[in-house]
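Worksheet: one structure, shown below.
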């Protein structure tokens with residue numbers, strides 16, 4: 001009996017101790033995201049015995065190998081490469097015209113979509129392919145031009161009855177929606193569809209929306225198949241393995257881009273020609289700031305604003321990611337520079353409306369409205385778009 005009492009007392013003591021010092025919870029590490037391009041078993045059978053065109057750039061990688069090299073090595077008949085802004089190798093300036101070329105490694109012809117007036121391949125080129133594969137890393141913004149190239153390729157495929165196969169990739173800004181829906185009178189090469197500045201969709205989802213909303217000319221639809229990402233949701237924070245373009249070198253630049261890109265429509269530099277583009281803002285006339293930078297001619301920014309001139313301004317590189325995520329589009333940066341320079345309407349260029357997509361933001365800044373007051377005006381656009389896009393979402 002004494003042994004039983006001792007055993008019960010021991011169990012009681014252990015129970016009390018565990019209650020006071022509970023074991024550490026088991027930490028479940030999320031499974032790594034698998035991109036569409038990595039799911040080769042899902043799309044290689046579709047490509048067999050077909051002539052393939054590929055729309056891609058340096059981000060189109062499968063592990064350590066480029067998709068084009070993988071396809072070529074695997075015996076897939078790739079007959080054409082279509083390159084977006086910045087080119088197939090990704091080292092051209094923003095807006096720079098890139099010429100047609102031939103890939104030095106595989107000998108496959110490269111056709112620049114960004115040099116032509118239509119932005120899409122003609123019938124002669126398309127007659128040489130059966131399927132057009134899209135594998136490119138987008139960042140989920142209306143003024144980031146890769147989706148426009150995809151749209152124009154969808155148009156070309158619809159016209160010529162060619163299938164498009166999208167190897168989907170995560171959207172690094174896919175966890176929120178923000179900004180006004182584009183007013184069509186400001187449709188341009190940096191704003192092509194009636195979507196918010198931050199649309200929160202992958203290219204596969206956006207392509208489905210383009211078809212579903214009949215946004216292609218003459219309400220055509222493009223024959224479309226999407227190879228989905230695995231282990232991805234719209235709350236996944238996905239660090240990009242390859243910079244998506246020369247002036248988005250790291251995740252800080254990607255997260256700040258929705259806010260700081262608006263400086264492209266002003267007299268203020270956002271750091272092109274430095275090692276930290278889209279992570280600073282300033283100008284030679286912003287005298288009271290201690291931080292300074294001097295834009296230089298570098299690959300991807302050969303002739304940046306204020307070339308070789310010292311600019312004073314604000315360094316955003318140490319702003320916590322969590323703060324950027326919480327704020328979304330942060331107009332306070334823009335308003336700060338506007339208030340400091342005191343140049344009135346001359347602070348803006350006509351390009352500003354092309355970027356923000358509406359005319360009231362400039363007017364409200366000139367009237368002295370706050371960032372929160374301005375964002376409240378476009379909030380109905382955000383809610384409207386969230387409902388409109390629901391049928392096309394592929395991920396939770």
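Checking residue 132 against (1) buried (at least 23 other Cβ atoms within 10 Å of the Cβ); (2) over 12 Å from residue 82 (Cα atoms), only one condition comes out false. Which one?
Here residue 132 clears every test but (2).
Would you mind telling me which numbered condition in (1) surrounded by fewer than 17 Cβ atoms within 10 Å (Cβ to Cβ); (2) assigned to a loop (DSSP other than H, G, I, E, B); (3) in contact with a helix residue (DSSP H, G or I) (Cβ under 9 Å, 6 or more places away or on another chain) residue 329 fails?
(1)
Hey, residue 377 hits all of (1) under 27 Å from the mean Cα position of the chain (by Cα); (2) farther than 19 Å from residue 141 by Cα; (3) not in a helix (DSSP H, G or I) but one; which does it fall short on?
In the conditions (1) under 27 Å from the mean Cα position of the chain (by Cα); (2) farther than 19 Å from residue 141 by Cα; (3) not in a helix (DSSP H, G or I), residue 377 misses (3) alone.
Just wondering, is there one or more residues in the stretch 19-29 that are out of contact with any strand residue (DSSP E or B) (no Cβ under 7 Å at 6 or more places or on another chain), at pLDDT below 95 and not in a loop (DSSP other than H, G, I, E, B)?
Yes: one or more hits.
How many residues, within the stretch 192-222, are assigned to a loop (DSSP other than H, G, I, E, B) and either without any contact (Cβ under 8 Å) to a residue 40 or more places away in the chain or under 22 Å from residue 178 (Cα atoms) (or both)?
Final tally of qualifying residues: 13.
How about the stretch 156-177: which of its residues are under 30 Å from residue 362 (Cα atoms), surrounded by 22 or more Cβ atoms within 10 Å (Cβ to Cβ) and in contact with a helix residue (DSSP H, G or I) (Cβ under 7 Å, 6 or more places away or on another chain)?
The answer is 173, 177.
Scan the stretch 30-76 for residues that are touching a helix residue (DSSP H, G or I) at 6+ places or on another chain (Cβ under 6 Å) and either farther than 17 Å from residue 203 by Cα or assigned to a helix (DSSP H, G or I) (or both) and report the count.
4
Could you tell me whether any residue of the stretch 165-177 is assigned to a helix (DSSP H, G or I) and touching a strand residue (DSSP E or B) at 6+ places or on another chain (Cβ under 8 Å)?
no
Residues of the stretch 115-129 being touching a strand residue (DSSP E or B) at 6+ places or on another chain (Cβ under 7 Å), surrounded by fewer than 21 Cβ atoms within 10 Å (Cβ to Cβ) and within 21 Å of residue 203 (Cβ to Cβ), which ones?
Matches in the stretch 115-129: none.
Quick one: count up the residues across the stretch 339-363 that are assigned to a helix (DSSP H, G or I) and touching a strand residue (DSSP E or B) at 6+ places or on another chain (Cβ under 8 Å).
Summing the residues that are assigned to a helix (DSSP H, G or I) and touching a strand residue (DSSP E or B) at 6+ places or on another chain (Cβ under 8 Å) in the stretch 339-363 gives 6.
For every residue, the table says whether it meets (1) within 18 Å of residue 392 (Cβ to Cβ); (2) surrounded by 23 or more Cβ atoms within 10 Å (Cβ to Cβ); (3) touching a helix residue (DSSP H, G or I) at 6+ places or on another chain (Cβ under 6 Å).
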| site | (1), (2), (3) |
| --- | --- |
| 182 | yes, yes, no |
| 187 | no, no, no |
| 196 | yes, yes, yes |
| 204 | yes, yes, no |
| 207 | yes, yes, no |
| 214 | yes, no, no |
| 234 | yes, no, no |
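The values are calculated or read from the model by the stated rules, or taken from the named source; none is laboratory data. Predicted, not measured: the structure shown is a model, and the values here were computed from it. Note: ideal-geometry Cβ built from the backbone for every residue, glycine included; neighbour counts use all protein chains shown.
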